[in-house]
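Taking it in order: structure first as structure tokens, then the write-up.
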Amino acid sequence: MAAEDTAVLATRALGIALDVMKRDGEPDAEVKIDVRRRAAANVRFARNEPTTSGESDEVTVSAWVALGQRNASTWVNQTDDKSIAELAGRALAMAKLSPADPEKMPLLGPQTYAPVPSAFDDGLAAMGPKERAAIAARAVARGDQAKVRIAGFFEREIEEAVTQNSEGLIARHRETAAQYTVTARTLDGAGSGWGGREAFRAGDLEDEVLASTAIDKAIRSAGAKALPPGKYTVVLEPQAVFEMMAFLVGQMNQRLADEGRSFFAGKVGQKLFADFVSLRSDPADPLTPGAPFDSEGLALASLPWIIDGRVNKLAVSRWWAKKKGLEPTGRHSVFHLSGGTAESVDALVRGTKRGLLVTRFWYNRMLEPQTVTITGLTRDGVFAIEDGKVTGPVANFRYNESPVTVLKNVDAMTRATTRAVAYGGAWHVPALRTHEFTMASPSAAV
């Protein structure tokens, strides 16, 4: 029997839930149904051999019920009528027991959603075990040839989301996504390299390029020499850029600013960053196509957060917008940092007198929200730059730095941007060169 279409399921579930509300004496209850389908398939390899492979395909139905300011939600992965009716009954019972939520907003009515490019790739959706195994086989073959240990993980996803509510809102989106990360280590454990990317099209993955990159970095990073902590000019590859920028957008929130809990308090309209820096969320951007609505069903428009180095907008929830007389922005999950003109990472290196080339960061944590200072470790390849050339590997550092400072001191970014491994949402970022980056202490990690 073919799986039920998610939109049909959402309509059926909403009808059942509304009948439950009437049956249980709450015909005026607000009801929102969310149907999510996630079909994932993966392959993992380690120590130059395949280790695991798996597939899953799950549909969940969640019900949100509100009685005035009291509300609750719950979910189930059983989609028969009885299970959905029980789901709605549980959500209603929980709402009756819940305390009043002063920030609860009424459900949205029908929205007009702008057309967006398709984020669904038939080739990626159809990728089967044979194609996944081939990715692992190609990486292992390259690792064997280069005499390094290689490990990696590839996963492709099909995601469908449908939202319907008792006010007549209907929203639907589907997309594909693939994520591939690969790590190589020299046999003596002295060198480590990494390559990774996300894509929504099978043709954009370039798995062989990523495996070759990881191997090359592993070999070149062996025998790293320690340099003293201090302030450095750094060329950050795209993954390192993303890992800092994710903290930046987390603080670009109007409520946090108005309550004095964010670096951006009073800074909307100010020029804080280099002239060419721009940051935008746009579900219609062909590089980052996404759902034209957020989790509440609110329509999402193209929104520039930073324009030519100036803070243009902070995120505003519906409740805060009502309180402050503003327009809500919706919750965006796609971001594009752009504005550079450099042709490549190599061009950034050639323009650097003395500095460091950084592959990526890891174990990143917020250190001081008021300055958006974060801390973490470099990993999988740090290299010294002298007179425009990479001269040799450098031992890892712990860094303490703010993405605000990174974008203030940046003097060049690549024109092309790359979709980083983001673990939620979609980020396209360039490589960049910035100055006075704080490497706080040495790290013994490889």
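The values are calculated or read from the model by the stated rules, or taken from the named source; none is laboratory data. Predicted model, so just to flag it, every value in this text is computed and none were measured. In this analysis, Cβ positions are derived from the backbone assuming ideal geometry, glycine residues included, and neighbour counts consider all displayed protein chains.
So which pairs qualify, if the first residue must be in region 162-191 and under 18 Å from residue 17 (Cβ atoms), the second must be at pLDDT 95 or above and of a type in the set (Lys, Arg), the Cβ gap must be under 6 Å, and the two must be at least 6 apart or on different chains? Going by the 6 Å Cβ cut-off, the qualifying pairs are 162/172; 165/32.
Does at least one position in region 188-211 carry a residue that is under 29 Å from residue 140 (Cα atoms), modelled with pLDDT under 95 and surrounded by 19 or more Cβ atoms within 10 Å (Cβ to Cβ)? So far as region 188-211 goes, yes, one or more of its residues are under 29 Å from residue 140 (Cα atoms), modelled with pLDDT under 95 and surrounded by 19 or more Cβ atoms within 10 Å (Cβ to Cβ).
Taking every residue in region 10-39 that is among the polar types (S, T, N, Q) and pairing it with any residue that is outside any helix (DSSP H, G or I), at least 6 positions away or on another chain, the pairs with Cβ-Cβ distances below 9 Å are 11/33; 11/162; 11/164; 11/170. When the test is whether a residue is closer than 19 Å to residue 371 by Cβ, free of Cβ contacts under 8 Å to residues at least 12 places away in the same chain, surrounded by fewer than 22 Cβ atoms within 10 Å (Cβ to Cβ) and of a type outside the set (S, T, N, Q), residue 260 passes it. Among the residues making up region 68-97, a single one is buried (at least 16 other Cβ atoms within 10 Å of the Cβ) and in a loop (DSSP other than H, G, I, E, B): 79. Number of residues in region 321-332 that are surrounded by fewer than 19 Cβ atoms within 10 Å (Cβ to Cβ) and either in contact with a strand residue (DSSP E or B) (Cβ under 8 Å, 6 or more places away or on another chain) or hydrophobic (A, V, I, L, M, F, W, C) (or both) equals 3.
For residue 301, the conditions (1) in contact (Cβ under 8 Å) with a residue 24 or more places away in the chain; (2) under 19 Å from residue 417 (Cβ atoms); (3) out of contact with any helix residue (DSSP H, G or I) (no Cβ under 6 Å at 6 or more places or on another chain) all hold with the exception of (2). Of everything listed in (1) out of contact with any Leu (no Cβ under 8 Å at 6 or more places or on another chain); (2) closer than 30 Å to residue 18 by Cα; (3) surrounded by 14 or more Cβ atoms within 10 Å (Cβ to Cβ); (4) not small (Gly, Ala, Ser), the single unmet condition for residue 112 is (3). Scanning region 276-304 for residues that are surrounded by fewer than 21 Cβ atoms within 10 Å (Cβ to Cβ) and of a type in the set (Phe, Trp, Tyr) yields a single hit, 276. Looking across region 395-446, the residues that are of a type in the set (Ser, Thr, Tyr), surrounded by fewer than 23 Cβ atoms within 10 Å (Cβ to Cβ) and in a strand (DSSP E or B) come down to 418, 438, 441.
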